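Report on the structure given below.
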């Protein structure tokens, strides 16, 4: 699906409440926001220790046998994300409580947002790889539910499914990568893992981990799911895009830089992917008419900038990226919520439907201008500091400095124009809106984004308070001291020249924005679209599944049995072919009684093949099983023999009762195809058993059970102890299967009697 098709011409988030519905949520709706605010204050108490470079660990034993701990670490990097998750979370929760105060689904929304916030906190604080992955998948599931919040709409369901599939596949790759890292390192504690750069499996680890990070943070070519996630309500979109889910991949790249970074593959991969993502996203942002969707594409630009900065390697590049995490969170959350203010107060978020609203909505205007100026990178806002550091980092990158600087200027110039689109266009010119009397919404909605917008200005004027925290974060990521100085004025240097060039190009682009947008629209069909590829692959998968179901599931039991036995035969013979080749010798001098039993079994098999009576066939099959039970007795496996014999008797009795109601099977003619399948599978099982017997027996497991059967389980019959104690859950599962099969057989017999009646 192309980005153009994502443009919404209506307000899809208007609460589906009838005018006669007088529902009004009570004061309870502010409790989740208060909880987030309290957590934010608590995390602030760790600022002195984190800024000093002293981590704080919380460890609980989870699965000690596997070396898995619920280990959490608060250092400078995790603390920044925790503060963003809780601080911006408190604002988004407050905003949502008022935005949907007349929606009866508000409890469900706040519950889902709370679960999502908790998952993100666990993710960024986890020092155990398995704990981190569990939280990673929890964010995938909760974000799926949030994006599909308006599940009665086809578009919301499709976008939620798209986000789930893309990030879910990446999550599977990440799981494999983290397990591989933990296995190689001998620990799942991330802080205790060393560098894997020289390991033979480094490229495999890197590829798996980056696959998870790129899908989560929507890097090219997986970027298409993020704009589609705009189906979520505005406060959810603000939360996801500024402080939480889409930055999870960025966070993990930063966290695992000491383990996986420092190589040319790492640097070039992050630099190229990030650069392509930021430029492509910036172009697509300018062709949107929905302000919320435009901001979604600018989020992609920010994520690409962060990836490119983390791949730069130098302390300036990493420091610029980490600073931009804070910068982007402040202005992006504020702008998303400001668009919600326009949507609520003026009745639309379409840029062509809005103009001249600065007098009717002065508070929204002020918020949009302040946040937009930070997004554009204008001084004295903190966005200017972040952009300067990014430029300085690009000029000191370990890859091609000219390439990185050029891509950064192009993306930032386009970002400058996009900032003007959201901060200037709706508020200047002749007044136009969907509502006759547009006005600013209540203080509960505008207070939060106003705080964030003002913070962007205050931190730009007084950036010294960030210096210690940024320095500590750079040390965490790079594993060595050294960080850029966070200040507003760095003097006349190359970074400043690039900033001035950015402002000039951005101003020209904003002035010529109408023509530029028309040009981008005309070029739409020429630009490769990952979303279209996704749709093609998804449809192909559905068509393949449909064809497979029609072909394989034809409703005939014999077809299912043939497919099962053919697959099993192929697997057995493959194991024999690729095995050691040691086959036990058959002793022809076995006692005559053994050969008599074999002869009886062969006679029963022949009867099964040629008989036309189902009753004779099942009886002969019972004879085969009974003969095998006798062999078990001869080799002292009494317990197994009893089980085998009882099973055969029950099968014969039950199936015979069922067969009474069925017609005769036919003439009993030999079916060549079935005979071949049976012979191939039977011979395969025979040779496999001989191969197992010829390979010798390892007595480690035997000795373990002999030594522990009585002390651990107070049982002298080792077989029974294994079944009842050591394999208790397995045995319970087998019993459950038998019970379910019995119930199903009983139901089938009763249904047959009712039909006959």
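The values are calculated or read from the model by the stated rules, or taken from the named source; none is laboratory data. Remember, it's a predicted structure, so these values are computed and weren't measured experimentally. Cβ: placed from backbone, ideal geometry, glycine included. Neighbour counts: every protein chain shown.
Can you confirm whether segment 104-120 contains a residue that is farther than 21 Å from residue 37 by Cα, at pLDDT below 90, surrounded by fewer than 23 Cβ atoms within 10 Å (Cβ to Cβ) and assigned by TED's automatic domain parsing to the domain that holds residue 57? Walk me through how you get there before you give the answer.
Filtering segment 104-120 for residues farther than 21 Å from residue 37 by Cα gives 104-105.
The next check asks that each one be at pLDDT below 90; those that pass are 104-105.
Filter once more, keeping what is surrounded by fewer than 23 Cβ atoms within 10 Å (Cβ to Cβ): 104-105.
Remaining after also requiring assigned by TED's automatic domain parsing to the domain that holds residue 57: 104-105.
Within segment 104-120, one or more residues are farther than 21 Å from residue 37 by Cα, at pLDDT below 90, surrounded by fewer than 23 Cβ atoms within 10 Å (Cβ to Cβ) and assigned by TED's automatic domain parsing to the domain that holds residue 57.
Touching a helix residue (DSSP H, G or I) at 6+ places or on another chain (Cβ under 6 Å), modelled with pLDDT under 90 and under 15 Å from residue 422 (Cβ atoms): does that describe residue 308?
Numbers: touching a helix residue (DSSP H, G or I) at 6+ places or on another chain (Cβ under 6 Å): yes; modelled with pLDDT under 90: yes; under 15 Å from residue 422 (Cβ atoms): no.
So residue 308 does not fit the description; no.
Can you tell me how many residues in segment 682-740 are over 30 Å from residue 578 (Cα atoms) and in a helix (DSSP H, G or I)?
Count: 30.
Which of the residues belonging to segment 181-201 are touching a helix residue (DSSP H, G or I) at 6+ places or on another chain (Cβ under 8 Å), surrounded by 15 or more Cβ atoms within 10 Å (Cβ to Cβ) and part of a helix (DSSP H, G or I)?
Correct list: 181, 182, 184, 185, 190.
Got a sec? Which of 271, 299 is in the same structural domain as residue 391 (by TED's automatic domain parsing), closer than 20 Å to residue 391 by Cβ and part of a helix (DSSP H, G or I)?
271
Spot the failing condition for residue 85; the list is (1) out of contact with any strand residue (DSSP E or B) (no Cβ under 8 Å at 6 or more places or on another chain); (2) surrounded by fewer than 22 Cβ atoms within 10 Å (Cβ to Cβ); (3) on the phi < 0 side of the Ramachandran plot, and only one is missed.
Exception for residue 85: condition (2).
Looking for whichever is at pLDDT below 85 and either within 32 Å of the chain's Cα centre (by Cα) or assigned by TED's automatic domain parsing to the domain that holds residue 513 (or both) here; the options are 389, 454, 378. Which one fits? Explain how you work it out, then say what you get.
Details: 454 fails: at pLDDT below 85; 378 fails: at pLDDT below 85.
Being at pLDDT below 85 and either within 32 Å of the chain's Cα centre (by Cα) or assigned by TED's automatic domain parsing to the domain that holds residue 513 (or both) holds for just one of 389, 454, 378, which is 389.
Suppose the filter is closer than 17 Å to residue 386 by Cα, without any contact (Cβ under 8 Å) to a residue 12 or more places away in the chain and in a helix (DSSP H, G or I); does residue 456 pass it?
Numbers: closer than 17 Å to residue 386 by Cα: yes; without any contact (Cβ under 8 Å) to a residue 12 or more places away in the chain: no; in a helix (DSSP H, G or I): yes.
Against the criterion (closer than 17 Å to residue 386 by Cα, without any contact (Cβ under 8 Å) to a residue 12 or more places away in the chain and in a helix (DSSP H, G or I)), residue 456 does not qualify.
Which condition from (1) over 22 Å from residue 559 (Cβ atoms); (2) out of contact with any helix residue (DSSP H, G or I) (no Cβ under 6 Å at 6 or more places or on another chain); (3) modelled with pLDDT under 80 is the one that residue 686 breaks?
(3)
Please enumerate the residues belonging to segment 475-491 that are buried (at least 19 other Cβ atoms within 10 Å of the Cβ) and either over 31 Å from the mean Cα position of the chain (by Cα) or more than 18 Å from residue 48 (Cβ to Cβ) (or both). Steps first, answer last, please.
Within segment 475-491, the first condition is being buried (at least 19 other Cβ atoms within 10 Å of the Cβ), and the residues that meet it are 475-478, 483-484, 486.
The answer is 477, 478, 483, 484, 486.
Go over the candidates 35, 7, 56 one by one and state the one that is at pLDDT 80 or above, surrounded by 13 or more Cβ atoms within 10 Å (Cβ to Cβ) and touching a strand residue (DSSP E or B) at 6+ places or on another chain (Cβ under 9 Å). Write out each step before concluding.
Working: 35 fails: touching a strand residue (DSSP E or B) at 6+ places or on another chain (Cβ under 9 Å); 7 fails: at pLDDT 80 or above.
Exactly one of 35, 7, 56 is at pLDDT 80 or above, surrounded by 13 or more Cβ atoms within 10 Å (Cβ to Cβ) and touching a strand residue (DSSP E or B) at 6+ places or on another chain (Cβ under 9 Å), namely 56.
Report every pair of residues separated by at least 6 positions or lying on different chains whose Cβ atoms are under 6 Å apart, first residue within segment 547-571 and more than 18 Å from residue 675 (Cα to Cα), second modelled with pLDDT under 85.
Close Cβ pairs (under 6 Å, with a partner that is modelled with pLDDT under 85) do not exist here.
With farther than 19 Å from residue 605 by Cβ and at pLDDT 80 or above as the only criterion, which of 680, 701 stands out? Please lay out each step first, then the result.
Numbers: 680 fails: farther than 19 Å from residue 605 by Cβ.
Going through 680, 701 in turn, the sole match is 701.
Could you list all residues from segment 479-503 that are in contact (Cβ under 8 Å) with a residue 12 or more places away in the chain and assigned to a helix (DSSP H, G or I)?
494, 495, 496, 498, 499, 501, 502, 503
So residue 622 clears everything in (1) surrounded by fewer than 18 Cβ atoms within 10 Å (Cβ to Cβ); (2) part of a helix (DSSP H, G or I) except one condition, right? Which one?
If we test residue 622 against (1) surrounded by fewer than 18 Cβ atoms within 10 Å (Cβ to Cβ); (2) part of a helix (DSSP H, G or I), just (1) comes out false.
Could you tell me which of the residues 154, 150 is over 17 Å from the mean Cα position of the chain (by Cα) and either free of Cβ contacts under 8 Å to residues at least 12 places away in the same chain or in the same structural domain as residue 322 (by TED's automatic domain parsing) (or both)?
On the way: 150 fails: either free of Cβ contacts under 8 Å to residues at least 12 places away in the same chain or in the same structural domain as residue 322 (by TED's automatic domain parsing) (or both).
Of 154, 150, the one residue that is over 17 Å from the mean Cα position of the chain (by Cα) and either free of Cβ contacts under 8 Å to residues at least 12 places away in the same chain or in the same structural domain as residue 322 (by TED's automatic domain parsing) (or both) is 154.
Taking the criterion of being at pLDDT 85 or above, assigned by TED's automatic domain parsing to the domain that holds residue 290, in contact with a helix residue (DSSP H, G or I) (Cβ under 6 Å, 6 or more places away or on another chain) and surrounded by fewer than 24 Cβ atoms within 10 Å (Cβ to Cβ), would at least one residue in segment 341-363 satisfy it?
The answer is yes, given that some residue of segment 341-363 is at pLDDT 85 or above, assigned by TED's automatic domain parsing to the domain that holds residue 290, in contact with a helix residue (DSSP H, G or I) (Cβ under 6 Å, 6 or more places away or on another chain) and surrounded by fewer than 24 Cβ atoms within 10 Å (Cβ to Cβ).
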